[in-house]
Amino acid sequence: MNIQELSKAVFRLNHTDKFSEDYVYFQIINYLAEHGTFTVSELDRKILYKKENNPTKILKIERRKLKNILYGTEKNYKGLIPLNYVYAHQIAKYRGGYPQTNYYLTEKGILASLGFSSYKENINIKKFLKLYDLAFDKPFNKFASEFLKLQIHIFLLYHYLQ
């Protein structure tokens, strides 16, 4: 099994059922895997979902509802922050009297995102590999990259077997 299949097996986010909460979680995790971070204002109205009672209408999540989904205060949503997929960090920049909050993937979120985005396209992995390029000489770059990939593969395989 490759990393993508193992990640989907370990972190069972149902991204095909557009009525489930996992589909909303999948969209948020996928956005973070592509862009690295976001504020609620940046993600406003980009997440789509459908209601079970009206499956033909596609709705966009508004800012307040998105924040409730992230923190798990919305009905039927456990929340990405309580499930430890996303980390919220308040920065000292104040907008309208309130501190701005940036959202990042945790280690669990990064590993879950590998099921939907490739290993080389994930921005968090790219940043980590860039640090390897700066820290090691040319012959060790490939070794460090393959070592990281192998460690992720072993970790996911261990949890898949559990």
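Percent of Cα pairs in the range 3-161 per distance bin of 5 Å, from zero to the largest separation: 2, 9, 15, 19, 18, 14, 10, 7, 4, 2, 0, 0. Close amide H pairs (under 5 Å, H built 1.01 Å from N) link F38 with Y103, residues at least 5 positions away or on another chain.
The slack between F136 and Q100, meaning 0.36 nm per residue of separation minus the straight C-alpha distance, is 9.4 nm.
The numbers here are math on the coordinates, done by the rules we state, and not lab data. Keep in mind that what you see is a predicted model, and the values were worked out from it rather than measured.
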